[in-house]
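Read the figures in this text as sums done on the coordinates, not as results from a lab. This is a predicted model, so every value here is computed, not measured. No Cβ is skipped: glycine too gets one built from the backbone with ideal geometry, and neighbour counts run over all protein chains shown.
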Amino acid sequence: LSTPEYIRASLAHSPADVAKTIARKLERQEVLYDTKKRFTFILTEQAVRWPLLPSAAMAMQIDRLASLTHLPNVKLGVIPIAGYKPMAPMDTFTVYDNTLATVENTTGVVILRDPRDI
């Protein structure tokens, strides 16, 4: 869901040339325009608001998120900062369909292909 600038900033710690990674991530976003597929994204407000870029570039990133919600097959939810949350989110996960899901955690990525696991 990221702009090229946001992707670049998120990879700033990488010693490698990130140009190919940025290109792959942007290419991967093209699937969002396939209306035969449905997407639901849930982000924390802090993840959306973290000032990874200067204000103008962050505004473009937030505009990107907002503009994607106009696609009929994309839903975006934001968990607000306000309110009590007894636990912080630890891992991220992506459910692609009933045959593929991935879980990213601090030690790596788990790929699930069995519908019973998904």
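Which residue, of Gln46, Gln61, is farther than 30 Å from Thr99 by Cα, in contact with a helix residue (DSSP H, G or I) (Cβ under 7 Å, 6 or more places away or on another chain) and not basic (Lys, Arg)?
Only one candidate qualifies: Gln61.
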Counted residues, the range 61-118 - those being of a type in the set (Ser, Thr, Tyr) and closer than 20 Å to Tyr6 by Cβ: 4
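Any idea which of Leu1, Leu32 is closer than 17 Å to His70 by Cβ, in a helix (DSSP H, G or I) and touching a strand residue (DSSP E or B) at 6+ places or on another chain (Cβ under 7 Å)?
Values: Leu1 fails: in a helix (DSSP H, G or I).
Exactly one of Leu1, Leu32 is closer than 17 Å to His70 by Cβ, in a helix (DSSP H, G or I) and touching a strand residue (DSSP E or B) at 6+ places or on another chain (Cβ under 7 Å), namely Leu32.
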Breaking point among (1) closer than 26 Å to Ile118 by Cα; (2) in contact with a helix residue (DSSP H, G or I) (Cβ under 6 Å, 6 or more places away or on another chain); (3) of a type in the set (Gly, Ala, Ser), for Ala88: (2)
Filter result (crowded, with 16+ Cβ neighbours inside 10 Å and of a type in the set (S, T, N, Q)) within the range 1-42: Ser2, Thr3, Ser10
Search result, residues across the range 21-57 that are touching a Pro at 6+ places or on another chain (Cβ under 8 Å), under 26 Å from Asp91 (Cβ atoms), without any contact (Cβ under 8 Å) to a residue 40 or more places away in the chain and not acidic (Asp, Glu): Ile22, Leu26
Residue under evaluation Asp17, criteria (1) of a type in the set (D, E, K, R); (2) under 30 Å from Arg116 (Cβ atoms); (3) more than 17 Å from the chain's Cα centre (by Cα), criterion not met: (2)
